[in-house]
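Below is one structure, written out as structure tokens; comments come after it.
The values are calculated or read from the model by the stated rules, or taken from the named source; none is laboratory data. Fair warning: this is a prediction, and the values are worked out from it, not measured in the lab. Here Cβ is always computed from backbone atoms with ideal geometry, including for glycine, and neighbour counts include all displayed protein chains. Heads up: the accessible areas ignore ligands, DNA and RNA and are worked out on the full protein's heavy atoms, side chains in. Shrake-Rupley method; radii C 1.70, N 1.55, O 1.52, S 1.80 Å.
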Amino acid sequence: MPAKRVVLYSAGNCPHCKRAKAFLQRQGIAYREMDITRNPRARKALERLGARGVPTLLIGDARLDGFDEQRFWRLYGKGGGSG
């Protein structure tokens, strides 16, 4: 099963975004980061999604508002790490 595409909408000063990035990097999961503080197109795309803030992750066709490892794994489909 191919890995799902992951897009992370983030902001530079967001501690939850930093935690999400660190998690993705630790797990070796490729992702595209869209920094809404540096990229006006990223901000507009986030608004079109109807998301209220960051981090917001697109995991395949699903959206995860905020960051939670267990919810991420459920959407990503690997069943998750142990902790």
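Computed quantities for the displayed model
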quantity	calculated
Residue check for LEU64: under 12 Å from the mean Cα position of the chain (by Cα), in a strand (DSSP E or B) and at negative phi	yes
Among the residues listed as ARG26, ARG5, the single one being within 11 Å of the chain's Cα centre (by Cα) and open to solvent by 70 Å² or more (accessible area, probe 1.4 Å)	ARG5
Residue identified as in contact with a Cys (Cβ under 9 Å, 6 or more places away or on another chain), open to solvent by 30 Å² or more (accessible area, probe 1.4 Å) and not hydrophobic (A, V, I, L, M, F, W, C) among GLU33, GLU69	GLU33
Top-ranked residue of region 8-23 - restricted to ones that are surrounded by 13 or more Cβ atoms within 10 Å (Cβ to Cβ) and of a type in the set (A, V, I, L, M), ranked as farthest from GLY77 (Cα to Cα)	ALA11
